[in-house]
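Worksheet: one structure, shown below.
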2 protein chains.
Amino acid sequence: MPVTAVASHSTVDDIVTHLTEAVHEHRLQPGTKLREDEVCEIFGVSRTLVRQALRSLEYQGLLTIEKNRGAFVAKPSLKEAREVFQARALLEPSTARAAAERASRADIAKLERHIQEEHEAIDRGEAGLALKLSGDFHLEIARIADQDTIEQFLKQLISRSSLVIALYWRRRNALCESHAHHALLDALRNGDGETADELMKGHLLDLLSQLDLRERTEGPVSLRDALKR
Amino acid sequence: MPVTAVASHSTVDDIVTHLTEAVHEHRLQPGTKLREDEVCEIFGVSRTLVRQALRSLEYQGLLTIEKNRGAFVAKPSLKEAREVFQARALLEPSTARAAAERASRADIAKLERHIQEEHEAIDRGEAGLALKLSGDFHLEIARIADQDTIEQFLKQLISRSSLVIALYWRRRNALCESHAHHALLDALRNGDGETADELMKGHLLDLLSQLDLRERTEGPVSLRDALKR
DNA sequence: TAATCGAAAATTGTATACGATCTGAATGAT
DNA sequence: ATCATTCAGATCGTATACAATTTTCGATTA
């Protein structure tokens, strides 16, 4: 079972948090259906709260809710995948720049711990966890920049990035991006906004280049549609 | 009463749409409380659907929901106000550029009608309606650019801009920005992305300059806090 | 008079009940 | 055998009932 059982009487936030982590760590694959009753049993609450949580995750871009059919882990299309990284390319460089100009010693220390955890996860072969931590690193930079609005958008974009990676990642093995994070950290430590900006831009382009976003026959079209003439 | 009564058995989308328009047109002021029962009566549905709609508007940034206290039209702080326009400055210029490179004759015609309606609203002295239409103009550009993700973010940002304007607008009278929209339209018509980019940047700076975002004693602090020593 | 307390009313939070829609297997017709 | 149909079970959508919390307002007291 992909989602571990949880003590009874969870709050909506509990449900959201647990499901979010499960998706970010690729324990829940795109397309997976989340039946309301099932989620109810796992978290020990009524459908009312579960439905609230599922809606919340839909707004976050992690789920797709189809009327009268249920909630599914989202499957971003190629277009959406490109858009996610285009939007990140617009928002993150200048955010990294602002972060470099504001980062305190405590902020730097926190980022160092982050990278450390990332390494450990990779060493233990927990690719899913490493991916989630990598996303958290980017979010942490937005937090340091003290840009709540942009941080909120980035949260959505990084969530969707996680789904994009699940669907379109080329090499299942090494995601050797911790080097880029190290370089970014150096720039932040030196208060070098200009460099942080460019490193982030490059880092995102690098990520994008590791995805397979070439045009392809988009999913299994329904037989009826395929034969229509 | 700020919100007009509506036929029974509305859908969630109906409620969201009507309330959104009311806020965008400044018929509902920041800070106004929206009691669930009241909204139920107006739209002729049960609290279940109303609560869904209110949540949805919270995610959109139009409402703030305080636990056990209810939903209120949001009151963006000075910091949020600045962030909203900073985010728009990051997203909209490149979106306008993309729109200029893609706009069809039909798109241009639609924008022309938009501006026309804007003028008519101003002539009739309906400042609220004019403001809403002005926001729609910006959204339409994102739609033309065919950038769903950014359009979604802009929807939120423009919603919040409407609240920011309600709170921090300097001159209550003329919002003479239709000139800027005309210039933008020309650039789009000519397929001149570079110019569209710069016009949009300037337009946003211009808007920002018409707001009074100077530091001030932030709202009426509670007496107890004010006297604390 | 002003402040404090408490109980009732108002309001929101959560669970449950009921209705609508979808799904899928069994049945029957071609 | 294949396709259409029907009906029961599963699942989601909405309304309502009940619980928890906040708000209001009058009574009490310093």
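The values are calculated or read from the model by the stated rules, or taken from the named source; none is laboratory data. The shown structure was predicted, so the numbers you read here are calculated from the model rather than taken from an experiment. No Cβ is skipped: glycine too gets one built from the backbone with ideal geometry, and neighbour counts run over all protein chains shown. Protein only, heavy atoms only, side chains kept; ligands, DNA and RNA dropped before computing areas. Shrake-Rupley method; radii C 1.70, N 1.55, O 1.52, S 1.80 Å.
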Next on the checklist: Using the Karplus curve 6.51 cos²θ - 1.76 cosθ + 1.60 with θ = phi - 60°, what ³J(HN,Hα) values do you get for each residue of region B:90-95, in whole Hz, with x for Gly and Pro?
Outcome noted: 7, 8, 6, x, 5, 5
Checklist outcome for this item: Rounded to one decimal in nm, the spacing of the 7 Å Cα→Cβ label points at B:E58 and B:R171 is 4.0 nm
Next on the checklist: Taking the Cα centre as origin and putting +1 on Lys and Arg beta-carbons and -1 on Asp and Glu beta-carbons, what dipole magnitude results for region A:78-209, to the nearest 20 debye?
Outcome noted: 480 debye
Checklist outcome for this item: Diffing region B:105-120: the Karplus 3J(HN,Hα) column from phi (6.51, -1.76, 1.60, θ = phi - 60°), in whole Hz with x for Gly and Pro, holds 4, 4, 4, 4, 4, 5, 5, 4, 4, 4, 4, 4, 4, 4, 4, 4
Next on the checklist: Could you compute how much accessible surface B:H114 exposes when probed at 1.4 Å, giving the result in Å² to the nearest 10?
Outcome noted: 30 Å²
Checklist entry - Which of the lysines could a cross-linker bridge to B:K33, judged by Cα under 25 Å and excluding same-chain residues fewer than eight apart? => result B:K67, B:K75, B:K79, B:K132, B:K155
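Across peptide B:36-48, what mean number of C-beta atoms from other chains lies inside 10 Å of a residue's C-beta?
Numbers: counts 0, 0, 0, 0, 0, 0, 0, 0, 0, 0, 0, 0, 2.
Per residue, the number of nearby Cβ atoms from other chains is 0 on average.
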Checklist entry - At a probe size of 1.4 Å, how large is the accessible area of A:F43, to the nearest 10 Å²? => result 0 Å²
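Within 10 Å of each Cβ in peptide A:118-131, how many partner chain Cβ atoms are there on average? Round it to a whole number, please. Don't skip to the answer; put the middle values down first.
Working: counts 0, 0, 0, 0, 0, 0, 0, 0, 0, 0, 0, 0, 0, 0.
For this peptide, the per-residue mean of nearby foreign Cβ atoms is 0.
Express the relative contact order of chain A as a whole percentage, based on alpha carbon pairs under 8 Å and six or more residues apart in sequence. Walk me through the intermediate numbers first.
Values: 277 pairs, mean separation 57.8, N = 229.
Relative contact order for chain A comes out at 25 percent.
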Checklist outcome for this item: Note to self: with every protein chain in place and a 1.4 Å probe, chain A gives an accessible area per residue in Å² of 52 Å²
Item to check | Rough spin-label spacing in nm, given labels placed 7 Å along Cα→Cβ, for B:R69 and A:E112 | outcome: 4.0 nm
Checklist entry - With θ set to phi - 60° and the Karplus curve 6.51 cos²θ - 1.76 cosθ + 1.60, what are the ³J(HN,Hα) couplings of region A:33-43 in order, to the nearest whole Hz, using x for Gly and Pro? => result 8, 10, 6, 4, 4, 4, 4, 4, 4, 4, 9
Checklist entry - Where the label is 7 Å out from Cα toward Cβ, how close does A:D13 come to the same position in every other copy, in nm, shortest first? => result 3.3
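For region B:5-119, what does the alpha-carbon gyration tensor say about shape, rounded, prolate or oblate, given a ≥ b ≥ c as the root eigenvalues, a/c under 1.5 as rounded, and a/b over b/c as prolate? Please list the in-between numbers first.
On the way: a/c = 2.57, a/b = 1.55, b/c = 1.66.
Oblate shape, in that a/c is at least 1.5 and b/c is the bigger or equal ratio.
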Next on the checklist: I need the Kirkwood Rh of region A:78-209: take the reciprocal of the average 1/r across all distinct C-alpha pairs and report it in angstrom.
Outcome noted: 14.7 Å
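Let me know the shape class of region A:12-73, please: from the alpha-carbon gyration tensor, a ≥ b ≥ c as square roots of the eigenvalues, rounded when a/c is under 1.5, otherwise prolate if a/b is greater than b/c, or oblate.
Details: a/c = 1.43, a/b = 1.12, b/c = 1.27.
In terms of gyration-tensor shape, rounded.
Under the definition of partner shielding as Cβ atoms of other protein chains within 10 Å of a residue Cβ, what is the mean value for peptide A:148-155?
On the way: counts 4, 15, 6, 1, 6, 9, 0, 0.
Mean shielding by partner chains, rounded to a whole number: 5.
Using only alpha carbon pairs under 8 Å that are at least six residues apart, calculate the relative contact order of region A:12-73 and give it in whole percent. Kindly include the intermediate steps, with their values, before the conclusion.
Values: 60 pairs, mean separation 26.6, N = 62.
The value is 43 percent.
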Checklist entry - Taking square-rooted eigenvalues a ≥ b ≥ c of the alpha carbon gyration tensor, is the protein assembly as shown rounded, prolate or oblate, where a/c under 1.5 means rounded and, failing that, a/b exceeding b/c means prolate? => result rounded
